[in-house]
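The values are calculated or read from the model by the stated rules, or taken from the named source; none is laboratory data. Given the structure is predicted, the values throughout are model-derived calculations rather than measurements. Heads up, the Cβs are rebuilt from the backbone with ideal geometry, glycines too, and the neighbour counts pull from every protein chain shown. Ligands, DNA and RNA are excluded from the accessible area calculation, which covers all protein heavy atoms including side chains. Shrake-Rupley method; radii C 1.70, N 1.55, O 1.52, S 1.80 Å.
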Amino acid sequence: MASTVLLAGLAGCTTDEGNSGSEVIVIGADLNNSSAVDVAYSRALQLRVEQINASGKLGNRKLLLRTQDNRADATASLRNISGFADDPNVAAVVTGSCDQCIVGAAKTINDKKIPTIGLAAASEVTEPIAERQYVFKLGPNSPDSAAAMVAELSRTRAANVAVLHTDDLYGRGGNRALENELSKVNIEPISTRSVRPTATDLTQVVGELTAENPAALVVLSTPDQAILAATTAKAVGYTGKIYFDAAAASDLFVPQAAVAAVNNATLVFTQTLAIDDVIATTPAKATRKQWFRDYISRYGSYSGVAAFAADAADLIGTAVARVGGDRAQIRAILETSQVDGVSGPIRLTPANHSGLMPQALTLLVARSGRWRLAS
């Protein structure tokens, strides 16, 4: 509840609004107030905008964050994004976890030429690229997540898997990527089931998936649903391995009620969720550890997805420092950005608008209610 209130309070609010003599450049954020993931995005954007402003790298410019609630509704999201695009003070937009929202707004984004960074998981956010010239994506890509997961399944000689995925753009695309990778190593998906993203009772579907006692249960879903799948699997007596893909990542700690069920589960994600295990041997790693500390200091806990929003703010801030609020030039800068971000290495090109590199992903394991590096 507190998180929702925080995000609602940010809607329409600004940072450094009263700085006379400064050129104020707005970043619009289209988020879902009722989504824990989008709350984390909002918090990260707010914190990073403040840090960028305080750094002085923008000169006499200041970034201002303005958020609008889309309620996970594509129509509301389109209205929000159109409003941002029609405001000449808005230089760029960041969108949240709603895949269908940004995909549904892609034509408007292109037509109105507003640089937009999507934080949703589906590949369709930036594909086909010819229709997404002003759209970019930060976050794990399904083919990369599937490749990392299947490599581990192959290493552990898993004979077969059962797959649970959400029946949406992200889940269907993730399942296709997983099937492709499994076929390369001759691991059989003996059972596959899809569920609505809003489903809150998985007893029947998880029971069906685990009935043949697969070597591993692979879950491609949102964080809450992934935790529910694990607790349901334990309740029906499943004792095999559980794997989550990157979209299941959320908070630093596993919910207390699910600790036993999730213990030893494997998650494909970036190092940021287990940054305490990382030694700061490079400036990029030191920056990631500092971001982790700053976020916890501000909000009292940490969400793994926060890093993607921080990187979105950084990419926009870097472009604004060079060209101000010129949207066309911001788009051109974004399209050739190559940085070591908070979430990992990011390489954007004219042929690839989804910039998080496969090297950013690693394997995490749940131990005693917290995610740790697998090795």
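Tabulated data
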| item | result |
| --- | --- |
| Solvent exposure of the range 272-375 as accessible area per residue, Å², 1.4 Å probe | 39 |
| Size of the range 122-242 as Cα extents on the principal axes (Å, biggest first) | 48, 33, 18 |
| Å³ per residue enclosed by the Cα convex hull of the range 54-154 | 138 |
| Antiparallel bridge percentage (DSSP; both residues within the chain; nearest 5) | 30 |
| Square roots of five times the Cα gyration tensor eigenvalues for the range 245-320, Å | 25, 14, 13 |
| Cβ-placed point charges (K, R +1; D, E -1), dipole of the chain about Cα centre in debye, nearest 20 | 700 |
| Leading residue at positive end of dipole, the range 173-217 (Cβ point charges), from PRO189, GLY207, GLY174 | GLY174 |
| Taking the convex hull of Cα positions in the chain, its mean projected area over all directions (nm²) | 17.2 |
| Accessible-area order (highest first, 1.4 angstrom probe) of the listed residues SER82, SER375, SER183 | SER375, SER183, SER82 |
| Local electrostatic count at LEU45 - Lys and Arg +1, Asp and Glu -1, tallied over other residues with Cβ under 13 Å | -1 |
| Cβ charges +1 (Lys, Arg) and -1 (Asp, Glu), total dipole of the range 232-375, debye | 240 |
| Cross-link pairs beyond the 24 Å C-alpha cut-off, checked among LYS62/LYS113; LYS137/LYS184; LYS184/LYS241; LYS113/LYS137 | LYS137/LYS184 |
| Neighbour-limited loop hits for chymotrypsin sites (Phe, Trp or Tyr not before Pro), the range 253-315 (at most 10 other Cβ within 10 Å; DSSP other than H, G, I, E, B) | none |
| Anisotropy class of the range 293-357 from Cα gyration tensor, a/c 1.5 cut | oblate |
| Surface share of carbon and sulfur [accessible, 1.4 angstrom probe, percent] for the chain | 49 |
| Which of VAL268, PRO345, ILE333, positive extreme of dipole for the chain (C-beta unit charges) | PRO345 |
